[in-house]
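So the structure is just underneath, and the comments pick up after that.
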Amino acid sequence: MSDLTKNVQPLQDFDWEEFENGTSAGVNKEALDKAYDETLNKVADHQVVDGKVISFDKKEVVVNIGYKSDGIIPASEFRYNPDLKIGDVVEVYVESAEDKKGQLILSHKKARLSKSWDRVNAALDAEEVVQGFIKCRTKGGMIVDVFGIEAFLPGSQIDVHPIRDYDQFVGKTMEFKIVKINQEFRNVVVSHKALIEQELEAQKKEIIGRLEKGQILEGTVKNITTYGVFVDLGGVDGLIHITDLSWGRVDDPHKVVELDQKINVVILDFDDEKRRIALGLKQLTPHPWDALDADLKVGDHVKGKVVVIADYGAFVEVQPGVEGLIHVSEMSWSQHLRSAQEFLKVGDDVEAVILTLDRDERKMSLGIKQLREDPWEDIEAKYPVGSKHTAKVRNFTNFGVFVELEEGVDGLIHISDLSWTKKVKHPSEFTQVGAEIEVIVLDIDKENRRLSLGHKQLEDNPWDVFEEKFTVGSIHEGKITELMEKGAVVALDENVEGFATPKHLQKEDGTQAQAGETLPFKVIEFNKDSKRIILSHSRTFEDPAREEKKAAAAAKKTAPRAKKEESPKIENVAASTTLGDIDVLAELKAKMEKGE
């Protein structure tokens, strides 16, 4: 026998009969059961009671409500409270005090719901901060579990900054402020932004109170627009205009900063209430003009890239932040001011000559035509008076045609120098823009960079020949090509035109000549200097009749004198008239009538 069993002795006064009958010290088993039951809570189904968390894991939470058995609640019902710990008192709803297995069935979710509507209303009235669990995304925002109620959190109320990734908030427990309740539909709207704004308001007042021009602050890029960048200075927003982002040209602010980037900025200006704050970024770095080569001077060649182009010229960046303007007049030796887009485009790499340089004003003008020789330097040698060339028609005026012999060398053909014979009312009747035309140099105006040119001078002057052919009084056949109020243009031989006034267009039958008719015309005026031929159709038949009438009148004058000498004096005049005299007079009368 071991020492352990050797020392064990049975109780001398133990009543085995009472033990087997379930009684002890005069108390039976039923009395003991009753006394035990009285120490436990009386739990009825469908009531809300408090319970204590005695243990939990990822799947379930065990809660003791003082009943003979503990209740088990799914851990998912406590997702809204990530700080849950053993010993916490929680509200539970008794689904059943005892199921078929004798298990106590509890629900934390239903306990919250039974009082949740009263709670959210009380929280709204008291402006209380409540905790909520963000369950999922929805259109325009998020769904939040608050006291077991699904509340709506608008996307604009998540934070003071615009939110680009909503998913990052799903599954988080955050503090909210209830901002709106629809009693009819039992809709609840919450805001997290409202809590942040309350905190920022105090910071904002402090920051605004100590703002000064020239002050350098750290901020966070809040928003990027086409015209600038908004920066959060810690509850106060300021704007960096696109022109204050960089010393160089900026076409897209995204190329300079990024969203949520921490940057240092300088306060440039603000209004009296300090609600609009102008910030600068480029001002934190030295101006590029200060770093420009001190030896750079007028006449030097520089290289750069076209960054901006307009009709009047192009801006070339010779180094970051340092730009020069090439005016369109400095792009070509041509006198025709065209658009700069005809010569350059944004992005072009160019070489240019410095024309002016003002370091104080930070301005520079450039030229590219200076890289080529000025064609007017040796104009007399290249285009001497009398030389013949082929030019291109540039444009018209009422008085002539402007042509280009080469880029930068222009000339004018006066309207009177287009044709020896044709009457040109407007140059567009003779040629067209873009056409080539043969010219001869008549005069050089080097000072004004103009050439006087001629076209008709390429041929001999036909008016020397016309002077002998179209003598005054000569008759030629002509065709009426144009009829006007003042007269008609008549085309003659030798490709020359004449002019007839309306009174000289009357025909022998009394009618007026019309356009398209071919008739004989008499030259009544010829002017070689003004190149003018005046014609008459009516004179072709009026002049012969007039001459005939004159001859008849002369004959009538001499006939009686002759009769007088041959015949003796007769007292009776009627008796002296013979039949022969009557015939002569009748013939003369007929001729005179015909002449009229």
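The values are calculated or read from the model by the stated rules, or taken from the named source; none is laboratory data. Note that the structure is predicted; figures quoted are calculated from it, not measured. No Cβ is skipped: glycine too gets one built from the backbone with ideal geometry, and neighbour counts run over all protein chains shown. Each accessible area value is taken on the protein alone, full model and side chains, heavy atoms only, with ligands, DNA and RNA left out. Shrake-Rupley method; radii C 1.70, N 1.55, O 1.52, S 1.80 Å.
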Notebook entry, point to check: If you place +1 on the Cβ of every Lys and Arg, -1 on the Cβ of every Asp and Glu, and leave all else neutral, what size is the dipole of the range 416-471 about its Cα centre, to the nearest 20 Debye?
Noted result: 300 debye
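Place the peptides 550-557, 422-429 in order of packing, highest mean first, counting for every residue the other Cβ atoms within 10 Å and averaging per peptide.
Details: 550-557: 12.0, 422-429: 13.9.
Highest to lowest by the protection proxy: 422-429, 550-557.
Which of the trypsin sites (Lys or Arg not before Pro) found in the range 191-274 are in a DSSP loop and have at most 11 neighbouring Cβ atoms, other than their own, within 10 Å? Please report the intermediate quantities before stating the final value.
Working: sites: LYS193, LYS204, LYS205, ARG210, LYS213, LYS222, ARG249, LYS255, LYS262, LYS274; in loops: ARG210, LYS213, ARG249, LYS274.
Passing sites in the range 191-274 are ARG210, LYS213.
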Item checked: Furthest towards positive pole of dipole, ASN495, MET484, SER452, structure part the range 444-511, Cβ charges -> SER452
Item checked: the range 225-352 - percent relative contact order, Cα under 8 Å, separation 6 or more -> 19 percent
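Filter the cross-link list LYS388/LYS423; LYS486/LYS522; LYS193/LYS282 down to pairs whose alpha-carbon distance in this structure exceeds 29 Å. Walk me through the numbers before you get to the answer.
On the way: LYS388/LYS423 24 Å; LYS486/LYS522 18 Å; LYS193/LYS282 32 Å.
Pairs exceeding 29 Å: LYS193/LYS282.
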Item checked: Distance between modelled label sites at GLN47 and VAL308, nm, 7 Å Cα→Cβ extension -> 8.2 nm
Item checked: the range 409-463 - percent of accessible surface contributed by carbon and sulfur, probe 1.4 Å -> 44 percent
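Please give the peptides 309-320, 177-188 ranked by average Cβ packing (other Cβ atoms within 10 Å per residue), highest first, as a rough proxy for protection. Intermediate results must be reported in sequence, preceding the final value.
Working: 309-320: 18.1, 177-188: 14.5.
The most tightly packed comes first, giving 309-320, 177-188.
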Check: So which of LYS303/LYS392; LYS422/LYS479; LYS85/LYS135; LYS345/LYS369; LYS172/LYS255; LYS382/LYS422 end up more than 23 Å apart by C-alpha?
Finding: LYS303/LYS392; LYS172/LYS255; LYS382/LYS422
Check: Taking the simple approach of a point 7 Å from Cα along Cα-to-Cβ for both ALA294 and ARG394, what is their distance in nm?
Finding: 4.5 nm
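Efficiency by 1/(1 + (r/R0)^6): what FRET value for ILE475 and ALA554, r their Cβ-Cβ distance, R0 = 30 Å, to the nearest 0.05?
Details: r = 25 Å, r/R0 = 0.82.
Calculated value: 0.75.
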Notebook entry, point to check: Listed here are the pairs LYS507/LYS528; LYS180/LYS213; LYS58/LYS204; LYS139/LYS222; LYS528/LYS550; LYS177/LYS262; which of them are more than 31 Å apart at the Cα?
Noted result: LYS180/LYS213; LYS58/LYS204; LYS528/LYS550
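So for the range 132-269, averaging the separation of alpha carbon pairs under 8 Å that are six or more residues apart and normalising by length, what relative contact order in percent results?
Details: 238 pairs, mean separation 24.7, N = 138.
For the range 132-269, the relative contact order is 18 percent.
Heavy atoms only, 1.4 Å probe, whole protein assembly: order LYS469, LYS549 by accessible area, highest first.
Numbers: LYS469 70, LYS549 95 Å².
Result, largest first: LYS549, LYS469.
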Checklist line | Amide proton proximity set for PHE270, modelled H, under 5 Å, gap of 5+ | finding: ALA278
Checklist line | Convex hull volume of the range 268-380 per residue (C-alpha atoms, cubic angstrom) | finding: 146 Å³
Note to self: As an exercise, identify the chymotrypsin sites (Phe, Trp or Tyr not before Pro) in the range 393-492 lying in DSSP coil whose Cβ has no more than 12 other Cβ atoms within 10 Å.
What the structure shows: PHE399
Check: Can you list the equivalent-ellipsoid semi-axes of the range 150-308, largest first and in whole Å, using the square root of 5 times each Cα gyration tensor eigenvalue?
Finding: 43, 19, 12
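Using Cα pairs under 8 angstrom and six or more residues apart, how large is the relative contact order of the range 428-545, in percent? Write down the numbers at each step before the final one.
Values: 189 pairs, mean separation 24.5, N = 118.
The value is 21 percent.
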Margin query: Give me, ordered by chain and number, the residues 5 or more places off LYS180 or on other chains with an amide H under 5 Å from its own placed amide H.
Written below: VAL189
Margin query: Tell me the carbon and sulfur percent of the accessible area for the range 269-338, rounded to whole percent, probe radius 1.4 Å.
Written below: 50 percent
Checklist line | Computed label-point distance, nm, for sites MET484 and PHE185 using a 7 Å Cα→Cβ extension | finding: 8.4 nm
Next item on the list: Starting from the Cα of LYS423, move 7 Å in the Cα-to-Cβ direction to define the label point; list residues of the range 469-498 whose amide nitrogen is under 11 Å from there.
Entry: 481-491, 497-498
Next item on the list: Based on the mean of other Cβ atoms within 10 Å per residue, sort peptides 500-511, 404-415, 64-75, 287-298 so the most packed one is first.
Entry: 404-415, 64-75, 500-511, 287-298
Check: In whole Hz, what ³J(HN,Hα) sequence does the range 80-90 give by Karplus (6.51, -1.76, 1.60; θ = phi - 60°), x for Gly and Pro?
Finding: 5, 10, x, 8, 4, 8, 5, x, 5, 8, 10
